[in-house]
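Have a look at the structure below, then the notes.
The values are calculated or read from the model by the stated rules, or taken from the named source; none is laboratory data. Owing to the predicted nature of the structure, the values given are computational and were not obtained by experimental measurement. Glycine also receives a Cβ, built like all others from the backbone with ideal geometry; neighbour counts cover every protein chain displayed.
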């Protein structure tokens, strides 16, 4: 806030000049305004002052109207710059709570040789040109000082956050009105958690970033939370479903180990909820089922085997991963797809999920689960990348990798190699080569998976080489989320695909 006596010439001229200076330097997020300590309301800037600004800076100040200072102005301003010592002292005496942010303009700008900025009222045009020059010099110092204090950087970040929050609100409003049952991977990002769950939102968020670093995210469709609600509505199950999960929330809210009676209540409620979903009709010829199958056709996945995975609202977050809590189905054909989607919905209501939530004091029920349908990636080598050692918490990348599909690695079913990698140059610091006797592969029938033996010649040799370790991509994912990541990947013919990423939730 700029302050002079009448808010007619000095403080408004400083306001207009600083606004232009910030605009010319592409600095956003700083609000500049002016007031007077003894202003008559709604007085115009002097004609001479307006003429100087218009001729020298192409600034039109004809809409300026003077305003007297009020306490709310003092409270809202972060920096208050007075034209004369008289103004600064007056404000400090009247508003002692704000003395730390009240300055003489030229003092704050480190232009003390200028001293007070004098009022040109009643003088010739030369006095106004001199005023403008003194203000220009002082305001350049103000911008320099604000930059050194970090004020400008904070203002720009805050402004970007305000814009981002506004865009997020618009997105959420559109989602609420959309009624989407299925959305493609490329249409979602981190703001779509309420529509596609944590896993789906993360996949959409990273797809473009992954591509920029020479890898891919397999094509995917998200069966949305709204699809689940429509399924319940179409089958007349919504009211009973809500009643049962409300009863479940009452039990979970106790935050204590359940006794036998409570345990039986939980078991009965889980069975009721799963039974509701099981008995609902999800068919390819009507309603939500038809829309899902149509989306599969429209996006070129009708001849493709898919993975069907859960994507809950709390899933793959910093607080909880929910890894392995709900069911996953691999190499699902289109004719099995709808049944597998129902099974995944039902698996949100298994006892292991309730216990996992209870341990982490997560009370919100997964009222509307989402499901990720993703094209299967036939990995020759797969594994998990931890961008920080999850055991020792050392700032080193740890990669666990084995042959075949990632299900064998993440489940612990197969032995793996373990690599410790330097974050700065991608070099392997140390490695432990496992006895990789088995791998999980696609079943010969084409449906589901099976365990196969690894060729003897490959069992005791590293399944990764340094060229496979895309250090730029790994670090880009960690930097994007500003959190250590747990990244699942697959490699075929030297090409890496990212299957999911989430914050590391396991520590020693």
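Annotations
- Of the residues examined, residue 52 is one that is in contact with a helix residue (DSSP H, G or I) (Cβ under 9 Å, 6 or more places away or on another chain), assigned to a helix (DSSP H, G or I) and closer than 16 Å to residue 135 by Cα.
- The set of residues from the range 7-31 being closer than 17 Å to residue 119 by Cα, assigned to a helix (DSSP H, G or I) and touching a residue at least 60 places away in the same chain (Cβ under 8 Å) comprises 10, 11, 13, 14, 17.
- Residue 83 closer than 20 Å to residue 144 by Cα and over 43 Å from the mean Cα position of the chain (by Cα): yes
- The range 253-269 residues that are more than 19 Å from residue 241 (Cβ to Cβ), paired with ones that are modelled with pLDDT under 75 and part of a helix (DSSP H, G or I) (beta carbon under 8 Å, 6 or more apart): 255/358; 258/251; 262/251
- Of the set (1) surrounded by fewer than 12 Cβ atoms within 10 Å (Cβ to Cβ); (2) touching a strand residue (DSSP E or B) at 6+ places or on another chain (Cβ under 9 Å), all apply to residue 47 but (2).
- Residue under evaluation residue 373, criteria (1) within 23 Å of the chain's Cα centre (by Cα); (2) part of a loop (DSSP other than H, G, I, E, B); (3) modelled with pLDDT of 85 or more; (4) buried (at least 20 other Cβ atoms within 10 Å of the Cβ), criterion not met: (2)
- Top-ranked residue of the range 415-436 - restricted to ones that are surrounded by 14 or more Cβ atoms within 10 Å (Cβ to Cβ) and free of Cβ contacts under 8 Å to residues at least 24 places away in the same chain, ranked as farthest from the chain's Cα centre (by Cα): 415
- Members of the range 89-134 found to be surrounded by 17 or more Cβ atoms within 10 Å (Cβ to Cβ) and touching a residue at least 60 places away in the same chain (Cβ under 8 Å), listed by number: 91, 105, 117, 119, 120, 128, 131, 132
- Residue check, residue 487 buried (at least 17 other Cβ atoms within 10 Å of the Cβ), in contact with a helix residue (DSSP H, G or I) (Cβ under 8 Å, 6 or more places away or on another chain), in contact (Cβ under 8 Å) with a residue 40 or more places away in the chain and outside the structural domain of residue 218 (by TED's automatic domain parsing): yes
- Taken over the range 90-115, the criterion of being farther than 23 Å from residue 143 by Cβ and either outside the structural domain of residue 12 (by TED's automatic domain parsing) or in contact with a strand residue (DSSP E or B) (Cβ under 6 Å, 6 or more places away or on another chain) (or both) is satisfied by 92 alone.
- Residue 274 being surrounded by 13 or more Cβ atoms within 10 Å (Cβ to Cβ) and assigned to a helix (DSSP H, G or I): yes
- Answer residue from the range 437-470, given it is under 13 Å from residue 399 (Cβ atoms) and free of Cβ contacts under 8 Å to residues at least 60 places away in the same chain and is farthest from the chain's Cα centre (by Cα) among those: 462
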